[in-house]
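> Encoded as structure tokens, here's the structure I'll be asking about.
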Amino acid sequence: MPWKEVSVVSSRQEFVSLALAEGANVSEFCRRFNISQKTGYKWIGRFKREGERGLQDRSRRPHHTPEKVEKEILALRDRHRSWVEFKIRNRLLTLGTSHVPSASTITQILKRHGRIDTKESDKHKPYRRFEYPDPNDLWQMDFKGHFSLLTKGRRCHPLTVLDDHSRYALGLEACGNERRETVKTRLTHIFQRYDLLLCSS
């Protein structure tokens, strides 16, 4: 994360204020500040959630979950017995709760307070949405079956590309087949559209 040495926090503040301006090109500001888009969106996300406090460096030491948050976790679990740790965590974030712990910490809290029967939970695999916290952390792609084109009788294979955080459709490409070179060509087009660097391989 090559921020300038002058003042890391003030650089982050300047970046966020420019990137959040109406019509701003985030990828261009990432390039100007010499940071990756992933890092840029991380700071934008933190600023939106926490304000300027979110731009401070964070300690790498394990955090202690405040008692008030533990009570909220337990109350949610008591009201919604089927909710797993990821659902509880997402709900707390939606409610604007401060100091929301990781999903694994929530699991430990539930176990510690007898809200999870370890033997029973071992029988079931919890449903987990692979939803990343910030845009461009992960893109998902998949072919959605195929259908015949009415005009020429050829098959169309729709390739979809989604941003896993926002669920924004980055691409819906009509492909003639599902071959590697076809997919590579379409992905290259999408990467260029969103100004992402391409791997040489």
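> Take the Cα atoms of region 67-121, build their convex hull, and give its volume per residue in Å³. All intermediate terms of the calculation are to be shown ahead of the outcome.
Details: hull volume 3.9 nm³, N = 55.
In region 67-121, the Cα hull volume divided by residue count equals 71 Å³.
> Within 10 Å, count the other beta carbons around each residue, average over each peptide in 85-93, 131-139, and list them highest first. Please list the in-between numbers first.
Details: 85-93: 18.4, 131-139: 16.8.
For the peptides 85-93, 131-139, the packing ranking is 85-93, 131-139.
> Hey, another quick one. Region 8-55: D in µm²/s via Stokes-Einstein (Kirkwood Rh, Cα pairs, 4 °C, 1.567 mPa s)?
Numbers: Rh = 10.4 Å.
In µm²/s, the coefficient is 125.
> Here's something else I'd like to know. Could you please report the charge total around Phe143, scoring K, R as +1 and D, E as -1 over all other residues with beta-carbon less than 15 angstrom from its beta-carbon? Intermediate values should be presented prior to the final figure.
Numbers: positive: Lys144, Arg155, Arg179, Arg180, Lys184, Arg186; negative: Asp142, Glu173, Glu178, Glu181.
With Lys, Arg at +1 and Asp, Glu at -1, the neighbours total +2.
> Next question, about the same structure. Kirkwood Rh and Cα-based Rg: tell me the resulting Rg over Rh for region 139-193, rounded to two decimals. Provide the component values of the computation, followed by the final result.
Values: Rg = 11.9 Å, Rh = 11.8 Å.
Rg/Rh: 1.01.
All of the numbers you see were taken from the coordinates with simple rules; none came from a lab. Computed from a predicted structure; not experimentally measured. Cβ: placed from backbone, ideal geometry, glycine included. Neighbour counts: every protein chain shown.
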